[in-house]
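Single-structure report; data block below.
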Amino acid sequence: MRIVQTGSLVLAALAALGATGARAETRGFVVSQFFPAIYSEEGDCKGGLNLNAGDQYDVGLVQAGYDEKQVAEWAAKSDDKGSVAQGFGDDRTRAIRDRAKIKGERVSAYSNPQATVDPNLSMVTSKFGEGFNLDGKDGANAFENPITGEKGVDNQLARALGCFTSFRGSFTERPGAYSYMWDIVSAAMPAWLMSVTADDFKNGPATVSFARAREHVERDANNKVLPDLTFRVDPDPRSRVTYAAQIKDGVLTITEHKPLRALWGEQVLLPDLRLTHTHLRVTFTDDGIANAVIGGYQPWKEALSDGFFSAMAADWVGLYHNIRKAADAGPDPKTGVNQQISVAYRFDAVPAFWIDTPN
Amino acid sequence: MNKMRQIGSTLRRFALLAGLPAFALTASTTVAPSMAASEAASAAPGGVVMRRLTPDQYEHIITQTFGADVSSAARFADQTREGGLIAISASRTTVTPPELEQFDGLARSIAEKVVDKDHRDLLIPCKPASLKEPDDACARQFLTTVGRTLYRRPLTPAEADARVKAAAEAARTTGSFYDGLAYELAGMLVSPSFLFRIESVANNGKGELDAYSKASRLSFFLWNTQPDEALLKAAEKGELDTPKGVAAQVDRMIASRRFETAMRAFFSDLLMFDEFNALSKDAMIYPRFTQQVTKDAQEQTMRTLIDLLLTNKGDYRDIFTTRKTFLTPALGSLYSFPVPKTTPNMEPADWIQIEYPENDPRSGILTQASFVALHSHPGRSSPTLRGKALREILLCQRVPDPPGNVNFTVVQDTTNPQYKTARERLNAHATEAMCTGCHKITDPMGLALDVFDGAGSYRARENGAAIDTSGTLDGVVFKNATDLGKVLHDHPSAPKCLVTRLTSYALGRVPSNDEKAWTDGLLAGFAKEGYRVPDLFKHVATSPEFFKVATAAK
C-alpha cells in the first residue's frame, strides 16, 4: 500500500503514476455516473423522434414480411407492446425475435441483425453536439460544441442514438434508460477509478490515470454514489492506463491520445470500453466532484453491445442499423466498411481513495 | 386461543407466581396495572433493588440456556435513564400490558422451539413414558434444571411442585407431554423471577445479599448475563460468603472473554447508545450518514474502548486523546479517511485498526460519530447538546434543562448571513439573560467540536467562515478538539465520574453519602493503579459494599 500525504488528510493513491513534482497532489475519484454524451434540443431530428419499441415492432414486423393484418391482430392481443423481455412465448414475440431472414429461413434478429431489414430510423440532424474533434477536420457530419464553440466535433454515436427517446439527454439531464441501467449494474460491477495528479489544479501539467477497482460503488442515504470510499485497485495491467494532461483555467485535457481500455466486467451493459484516439476533458467542482467527457473511436459493435440493455426502450434492430451506418472510422482493409464509430461519453466522478494492491 | 384470554392468563400467572396481590387479575381483564419494580422491591426486606432484565441480558440468557438457534432478538420498549444510567432506572421499570404481551409472545416462541423435534433431544434431559400423557418425573427433571438457570437459584419445593402440576394439567388438556412442558416453560419465561433480578437478603444479620443473589449480582456486573454453573455451585457451597471465595470467582470471571460483554454493556449504557435507536439524520444534509454508519459508529467506539482499556490495559483517561481506533469503509467515507476492505496482509476485514496522524483533527472518542452525531440535531450540529452531554455523561455534572419559553430562532437558522457559524449564532442567542448561564457551561466545549458537523464529518468552515474552536473548560484553555481531549484527560472529575457511574451501575442505584468512603477509596485506588478499568471492576466486585443491601440512596 502506498500512501501519499495531502493536506491534513491521508490520501491513499496509486503512486508512481506521473506525479509531476515534489508538491504534486493526487486526487482519487470513482466514477459515479456514465452515459453517452448526447445533446438533445427541439427539432434536432428532422425525421422526427423514433417510435417507442412496441410501436416500432409492429412497423418492423411488416417490413420483415409479416402480414399486416396478422401484425395488427397480434398487436391487439398483446398485453405489453413495449417489451420482449417477457420471453418469446407467444406468436408476436417470436415474430419480433425472428425478423431476420437467412436463405429464406426466419432466424433471430438478435443473433443475425445483419439479416434484418433496415427500418431507416431517424438520426440526429442538429448542428450541435458534445464530444471532441478526433480527426482534426470539420466534416459534414461533425458537430459544433454548444458550450466551447469547438467545431469538427466527432460523435457519430450521438447522431445514431439521439432520436430514440430513451437516449435523449442534455448537459444537465442523463439519458433515462441508459442511466437507469448504469445505476443498477454499478451496484455490482467493479468500480471505475480515475486519479489526477498535478501541482496546480488550475493551470499546469498533470497526469490522469484510470483503473478498475476490486470493489463496486456503494450508495449514500440518497442513493447517490458514496464519496470518500476506499477502493483497492485491480492489478490487471490491461485496465490501467495513464495519460499526460494539461490543466488550463481549471479544465483538464489529455495531451496524448493512446488507447483506453476499461475492463468493467459487467457482462450485460458494459463488458469492455475500448477507445482509440482517446480524448478527455475534466472540470472540478468546488465540492471535489469531477465532471468529465471522454471520447474517441470505439468499435461500433461494442458501442451497440454496451447499449444493448438500455435498448429495452428502443428497437434494437433499428439501433443496430443506425450505429452501423453512422460508423465513421477504422475501415476494414478488405471491404472498406468502417468498423469504428466516433463516440463521447459523459461521466461524473466523486472523491475516492485508491489503494494499490499486489497481484 | 383468544389473544386477550391468553394475555389475561399470562397476567394471572405472572401475578400469582410473583406473589404480588396487585396482579391478581380476572380472566376478563384486558388492561393490567403496570408494576414498578421498585414498588415490589419496597415490599421486600432490606430494601434490595429489583432490576428488570435488559434486552441484551434477556437474549444472552436464552442463548446460553437453549442455544443461539432458539434465541430470539428481544426488543423492549425504550427505558428512561436515571442518574445517567438505564441500569438505575431498570430498578424502577414497569411492565406495561403491551410489554407483557410482548414477553408472552417471546416466551411462547422460545418454549415451542425448545420442545420441538429439532431441539427436545438436546435440551430436555429425559424422555417421557408417553408422548401423549403427563410424566411428572421427566417434567420435574427438566423444569427444575432449567428453572435453576433461568431464576438464577434453585426452585423452592413449592415452586417445583406447582410447575410440575401445571405441566401435567396442560399435557392432559393438550394431549401432549411436550406441549404441556412448553406451556409451563413459557410460564417461567414470563415469571418475575426470570424477568426481574430479584435479590434476597441473607439471614446472617449482616445486611448483605444471600449467596445466590450475590452470584447474580456478580454475574450481571461482570458478564452481563446469568451466573454459570461454577458460580451457582460456589453460591451453593457458601464460597461467596467469604472474601476469598468471591475474589476467586471475580478473577475467573474477569479473565473470561465474557467480561468484554460486560464492559460493552456498561459503556453502552454510560454513553447512551440506546439513543441510537431513535437517531435520525436529514439525508439531504447528511447523505453519508447511512444505516450502516449508525451501526458502525457505536461499534467504532466500543472497539476503541475495548482495545484501549481491556486488551491493552490502558489508562481510562486516554479515551479522550487516543489516536488509535477502528474504522469500516462506511465510516471511512464519513470521516474522509482511507479504509480498505483488507488488512495490510491483504486478509479480508470488515474493521481496520488505524491510527490518525498527529495533524489529524480527530483524537479520542469525543470526535467519533457516536458522540458528535448522537448529540446533534437531525440537520445541524449542536455545541450546546454536545457540551451538555460531555458535562453530564463524562464529568457527572448536572446541566439544567432550558426554561420553557426560550426563543431558539437565532440558533436554529443556519442560513442567516449575519451569523455564519454556530459560535456567532449562540453568541447572539446568549444575549438573552435567561440563557447565558447555562450556555456558558456547555457551549465552549461543544464549540471545540463544531468542526465536526451533525453527522460527524470534518469541516473547517461553516457557511464560508472559519470555525473558531478555542475555549476554556473550568478555567483551562484549549485551542481545538484535540486540546479539549487533553484537558479532559487531566480533568479530576473524569475518573471520579467513572467511579460514580460504575458503582451506580453495579448497585442499581447511586451510592449514598454513607458509601462515600467506599467510592473515595475506589477512586484513590483507580488513580494509584493507573486508571485501569478492569481493575476498577474487580475492586468494585470484591468490595463488601457491593453486596450490602440495607443502604438506601439519599
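The values are calculated or read from the model by the stated rules, or taken from the named source; none is laboratory data. It should be emphasised that the depicted structure is a prediction, and the values quoted were computed from it without experimental measurement. Positions of Cβ are generated from backbone atoms using ideal geometry, with glycine treated the same way; all protein chains shown enter the neighbour counts.
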Single residue of A:Gln56, A:Gln63, A:Gln156 found to be within 20 Å of A:Leu319 (Cβ to Cβ), free of Cβ contacts under 8 Å to residues at least 60 places away in the same chain and surrounded by 15 or more Cβ atoms within 10 Å (Cβ to Cβ): A:Gln63
Reported set for region B:295-327 where residues are more than 26 Å from B:Lys538 (Cβ to Cβ) and either of a type in the set (A, V, I, L, M) or more than 24 Å from the chain's Cα centre (by Cα) (or both) is B:Ala297, B:Arg323, B:Leu327
Please go through region B:470-499 and pick out each residue that is within 22 Å of B:Phe452 (Cα to Cα), touching a residue at least 60 places away in the same chain (Cβ under 8 Å) and surrounded by fewer than 21 Cβ atoms within 10 Å (Cβ to Cβ). B:Asn480, B:Lys486, B:His489
Checked region A:238-253 for anything more than 22 Å from the chain's Cα centre (by Cα) and not hydrophobic (A, V, I, L, M, F, W, C); matches are A:Gln246, A:Lys248, A:Asp249, A:Gly250
Filter region B:341-357 down to residues that are polar (S, T, N, Q) and assigned to a loop (DSSP other than H, G, I, E, B) and give me whichever is nearest to A:Thr230 (Cα to Cα). B:Thr343
Near pairs, Cβ below 9 angstrom, 6+ apart or cross-chain, from region B:512-539 (touching a residue at least 24 places away in the same chain (Cβ under 8 Å)) to any residue that is assigned to a helix (DSSP H, G or I) and loosely packed, with under 14 Cβ neighbours inside 10 Å: B:Trp518/B:Pro544; B:Lys538/B:Ala247; B:Lys538/B:Asp251
List every residue pair whose Cβ atoms sit under 7 Å apart, with the two residues 6 or more apart in sequence or on different chains, where the first one lies in region B:411-427 and is free of Cβ contacts under 8 Å to residues at least 40 places away in the same chain and the second, anywhere, is in a loop (DSSP other than H, G, I, E, B) and surrounded by 14 or more Cβ atoms within 10 Å (Cβ to Cβ). B:Arg425/B:Tyr419
Selection from region A:290-302 of residues within 14 Å of A:Trp264 (Cβ to Cβ) and at pLDDT below 95 yields A:Glu302
Does B:Ile365 count as within 25 Å of B:Lys479 (Cα to Cα) and either in contact (Cβ under 8 Å) with a residue 24 or more places away in the chain or not β-branched (Val, Ile, Thr) (or both)? yes
Go through B:Pro154, B:Pro125, B:Pro97 for me and flag whichever is out of contact with any Gly (no Cβ under 8 Å at 6 or more places or on another chain) and either aliphatic (A, V, I, L, M) or under 30 Å from B:Gly508 (Cα atoms) (or both). B:Pro97
By residue number, the members of region B:494-516 that are out of contact with any helix residue (DSSP H, G or I) (no Cβ under 9 Å at 6 or more places or on another chain) and either under 19 Å from B:Ala448 (Cβ atoms) or part of a helix (DSSP H, G or I) (or both) are B:Asn513, B:Asp514, B:Lys516
List, please: which pairs have Cβ atoms under 7 Å, are six or more places apart or on different chains, and start with a residue in region A:108-133 that is farther than 28 Å from A:Lys151 by Cβ and end with one that is among the hydroxyl-bearing types (Ser, Thr, Tyr)? A:Ala109/A:Thr116; A:Pro113/A:Tyr320
Can you name the residue in region B:291-301 that is within 13 Å of chain A (Cβ to nearest Cβ) and surrounded by fewer than 22 Cβ atoms within 10 Å (Cβ to Cβ) and, of all such residues, is nearest to B:Arg380 (Cα to Cα)? B:Thr294
Confirm whether B:Asp318 is modelled with pLDDT of 95 or more, surrounded by fewer than 18 Cβ atoms within 10 Å (Cβ to Cβ) and out of contact with any His (no Cβ under 6 Å at 6 or more places or on another chain). no
Within region B:414-456, tally of residues that are surrounded by fewer than 14 Cβ atoms within 10 Å (Cβ to Cβ) and within 22 Å of B:Ala373 (Cβ to Cβ): 1
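What about B:Ala373, is it modelled with pLDDT of 95 or more and within 14 Å of another protein chain (Cβ to nearest Cβ)?
Judged against the criteria, B:Ala373 is a match.
Can you spot a residue in region B:328-340 that is touching a residue at least 60 places away in the same chain (Cβ under 8 Å), within 14 Å of chain A (Cβ to nearest Cβ), assigned to a helix (DSSP H, G or I) and farther than 30 Å from B:Glu529 by Cα? Before you say what the answer is, go through the steps one by one.
Going through region B:328-340, the residues touching a residue at least 60 places away in the same chain (Cβ under 8 Å) turn out to be B:334-336.
When the remaining residues are screened for being within 14 Å of chain A (Cβ to nearest Cβ), the result is B:334-336.
Now narrow it down to the ones that are assigned to a helix (DSSP H, G or I): B:334-335.
Checking the rest, the ones that are also farther than 30 Å from B:Glu529 by Cα come to B:334-335.
The answer is yes; a qualifying residue exists.
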Among helices (runs of 4 or more DSSP H) entirely within region B:407-493, at least 1 residues that are at pLDDT below 85 occur in B:409-412, B:422-429, B:433-448
Select from region B:341-354 the residues that are within 11 Å of chain A (Cβ to nearest Cβ) and of a type in the set (A, V, I, L, M, F, W, C) and write down the one among them that is surrounded by the fewest Cβ atoms within 10 Å (Cβ to Cβ). B:Met346
Within region A:159-167, is even one residue part of a loop (DSSP other than H, G, I, E, B) and more than 30 Å from A:Arg219 (Cβ to Cβ)? yes
Looking at region A:222-249 only, could you name the residues that are within 14 Å of chain B (Cβ to nearest Cβ) and surrounded by 14 or more Cβ atoms within 10 Å (Cβ to Cβ)? A:Lys224, A:Val225, A:Leu226, A:Pro227, A:Asp228, A:Leu229, A:Thr230, A:Phe231, A:Arg232, A:Val233, A:Asp234, A:Pro235
Is it true that some residue in region B:457-464 is aliphatic (A, V, I, L, M), surrounded by 14 or more Cβ atoms within 10 Å (Cβ to Cβ) and in the same structural domain as B:Ile365 (by TED's automatic domain parsing)? no
Say whether the condition of being in contact with a Leu (Cβ under 9 Å, 6 or more places away or on another chain), within 14 Å of chain B (Cβ to nearest Cβ) and touching a residue at least 12 places away in the same chain (Cβ under 8 Å) is met by at least one residue in region A:201-214. yes
